[in-house]
1. Residues in the stretch 326-346 that are outside any helix (DSSP H, G or I) and crowded, with 18+ Cβ neighbours inside 10 Å: how many?
2. Which of (1) outside the structural domain of residue 288 (by TED's automatic domain parsing); (2) in a helix (DSSP H, G or I) does residue 201 not meet, given it meets every other one?
3. If you scan the stretch 347-363, which residues turn out to be more than 16 Å from the chain's Cα centre (by Cα) and either surrounded by fewer than 24 Cβ atoms within 10 Å (Cβ to Cβ) or outside the structural domain of residue 242 (by TED's automatic domain parsing) (or both)?
4. If we scan the stretch 143-161, do we find a residue that is of a type in the set (A, V, I, L, M), more than 27 Å from residue 35 (Cβ to Cβ), assigned to a helix (DSSP H, G or I) and out of contact with any Pro (no Cβ under 7 Å at 6 or more places or on another chain)?
5. For the stretch 35-92, which positions are of a type in the set (Ser, Thr, Tyr), more than 7 Å from the ligand (Cβ to nearest atom) and not in a loop (DSSP other than H, G, I, E, B)?
6. Please give the number of the condition residue 315 fails out of (1) of a type outside the set (Asp, Glu); (2) surrounded by 16 or more Cβ atoms within 10 Å (Cβ to Cβ); (3) modelled with pLDDT under 95.
7. Taking the stretch 370-387 as the search range and keeping residues that are surrounded by fewer than 24 Cβ atoms within 10 Å (Cβ to Cβ) and either near the ligand (Cβ under 9 Å from one of its atoms) or not small (Gly, Ala, Ser) (or both), which one is nearest to the chain's Cα centre (by Cα)?
8. If we keep just the residues of the stretch 204-244 that are at positive phi and in contact (Cβ under 8 Å) with a residue 12 or more places away in the chain, which is nearest to the ligand (Cβ to nearest atom)?
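The values are calculated or read from the model by the stated rules, or taken from the named source; none is laboratory data. Everything numeric in this text was worked out from a predicted model, so none of it was measured. Every residue, glycine as well, gets a Cβ built from its backbone with ideal geometry; the counts of neighbours run over all protein chains shown.
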Amino acid sequence: MSFIPHAPSYYADSANPTPDRPFLHGDVSTDICIIGAGYTGLSAGLHLAEAGFKVVILDQARVGWGASGRNGGQIVHSYSRDIDVIEHSYGKEQARPLAEMMFEGAQIIRERVAKYQIQCDFKNGGVFAAFTKKKVRALEEQKALWEKWGNKDLTLIDDKNEIRKIVNTDLYQGILIDKSGGHFHPLNLALGEAAAFEQNGGVIYENSAVTRIDRGANPVVHTALGHVKAKFVIVACNAYIGDLEPKLANMSMPCGTQVITTEPLGRLADEIMPADYCVEDNNFLLDYYRLSGDKRLIFGGGVIYGARDPAHIESILRPNMCKVFPQLKNAKIDYGWTGNFLLTLSRMPEVGKLSDNIYYSQGCSGHGITFTHLIGRLLSEAIRGQAERFSAFERLPHYPFPGGRLFRVPLTAMGAAWYDLRDRLGV
Ligand SMILES: Cc1cc2nc3c(=O)[nH]c(=O)nc-3n(C[C@H](O)[C@H](O)[C@H](O)COP(=O)(O)OP(=O)(O)OC[C@H]3O[C@@H](n4cnc5c(N)ncnc54)[C@H](O)[C@@H]3O)c2cc1C
């Protein structure tokens, strides 16, 4: 048996106390077996356990070991492609139910943090930042679109003095403030949701990698030392699925993205981020940052298609951080880590069934905190016989990457390099 700890990070070092959970040993029967203890698995598990089902979650490592315990911690509504693009690609009928759900994931997070008193440094307020006038126009369009679907918390600012009162940099031509956005300590959210799941009777086995799922009227989930027999299975492994279900692995691509964290900045933190909102820019390859509870700057960005672990994370991200905040030129970087998200060709999540009673959801394409919480609720609705909202996502087409597993990385990197060049040239 190998015991896999959380990847070294600021989040792992500042995690709330959590029990070491047992690994699966022997045979277990349950209503629902969920594979993966990230937000997708935990959100579905908690909804189902609250509804009175017997639920078992298995993770190959620990709760929140994957992207859910390593991410930027930024609440961003909607999907990796916004509703206007979804309408354009799939038609108004297909887009409408997705638009009606685009703010629900954030509500679920807020409700859970409040209901279960989850200590995760939750703060309200997010900012989208534009480097060029053209990108400010994109923010204006985003504002109109989100307002049309019910978000009345948006303010656009294009006066540099006013921008500096929110985020103290000269770089941006405009910012869109979304007071219904927000940020939090992502691993502590996952650990809090796991505790809530257990309070509701759910059972979690850690260090229990699933090696095989047998189809049938009662599917059986196998680990090295045990089996779970269930009425339903949910596969929630996202970018860490490996070879468990090749069909799911073939229609998506794991990508690495990196995060650095400064030393605690004290008063300098209030100077650079007076409003304490989280920020992401609206470039194709975007940077995102926010303050932690103890006033460090947590700065993320970069994409490595195919998810190789980079050697020098600080040297990748520090120049961008110092471009935004030259005030940080002497700040020490205490942590740097990488995590994997799952990219799909359409950039839309892939949701569906592998058989009548085996469900999956994956591939939020780097924009998954709200969607994973939403889909947890929709998976629970579908298993309870109300599949209408789940089907709205299930109907989205799934495309394989051009080039297959061998060439998808260089082909996607070439496409991304083109859009990145356009952003750099400001066109
Ligand atoms: C560095 C980084 C920054 C990000 N920042 C943001 C952000 O600020 N805002 C935002 O909206 N999104 C962000 N994302 C994306 C977001 O974190 C993810 O979309 C989301 O966490 C995915 O959750 P998940 O539960 O689907 O997958 P994960 O959290 O990756 O969980 C999958 C779990 O499955 C387990 N698993 C895999 N295979 C097996 C197996 N065979 N047996 C048992 N268990 C298995 C893994 O151990 C893992 O715990 C970021 C992602 C990264 C990597």
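1. Filtering the stretch 326-346 down to residues outside any helix (DSSP H, G or I) leaves 329-346.
Now drop any that are not crowded, with 18+ Cβ neighbours inside 10 Å, which leaves 331, 333, 335-346.
Residues in the stretch 326-346 being outside any helix (DSSP H, G or I) and crowded, with 18+ Cβ neighbours inside 10 Å: 14 in total.
2. Of everything listed in (1) outside the structural domain of residue 288 (by TED's automatic domain parsing); (2) in a helix (DSSP H, G or I), residue 201 misses just condition (2).
3. 352, 353, 354, 355, 356, 357, 358
4. First, the residues of the stretch 143-161 that are of a type in the set (A, V, I, L, M): 144-145, 154, 156-157.
Next, from what is left, pick out any that are more than 27 Å from residue 35 (Cβ to Cβ): 144-145, 154, 156-157.
With assigned to a helix (DSSP H, G or I) added as a condition, the list becomes 144-145.
Those still in the list that are out of contact with any Pro (no Cβ under 7 Å at 6 or more places or on another chain) too: 144-145.
Within the stretch 143-161, one or more residues are of a type in the set (A, V, I, L, M), more than 27 Å from residue 35 (Cβ to Cβ), assigned to a helix (DSSP H, G or I) and out of contact with any Pro (no Cβ under 7 Å at 6 or more places or on another chain).
5. The first filter runs over the stretch 35-92 and keeps only residues of a type in the set (Ser, Thr, Tyr), leaving 39-40, 43, 68, 78-80, 89-90.
If we keep only those that are more than 7 Å from the ligand (Cβ to nearest atom) as well, we get 43, 78-80, 89-90.
Of everything in the stretch 35-92, those that are of a type in the set (Ser, Thr, Tyr), more than 7 Å from the ligand (Cβ to nearest atom) and not in a loop (DSSP other than H, G, I, E, B) turn out to be 43, 89, 90.
6. Status for residue 315: all satisfied but (2).
7. To start, the set of residues in the stretch 370-387 that are surrounded by fewer than 24 Cβ atoms within 10 Å (Cβ to Cβ) comprises 377, 381-387.
Filter again for either near the ligand (Cβ under 9 Å from one of its atoms) or not small (Gly, Ala, Ser) (or both), leaving 377, 381, 383-384, 386.
Values: 377: 16, 381: 21, 383: 23, 384: 25, 386: 25 Å.
Per the stated criteria, the residue is 377.
8. Kept after step one, since they are at positive phi, are these residues of the stretch 204-244: 207, 216, 238, 242.
Those left that are additionally in contact (Cβ under 8 Å) with a residue 12 or more places away in the chain: 207, 238.
On the way: 207: 9, 238: 3 Å.
Among them, the one singled out is 238.
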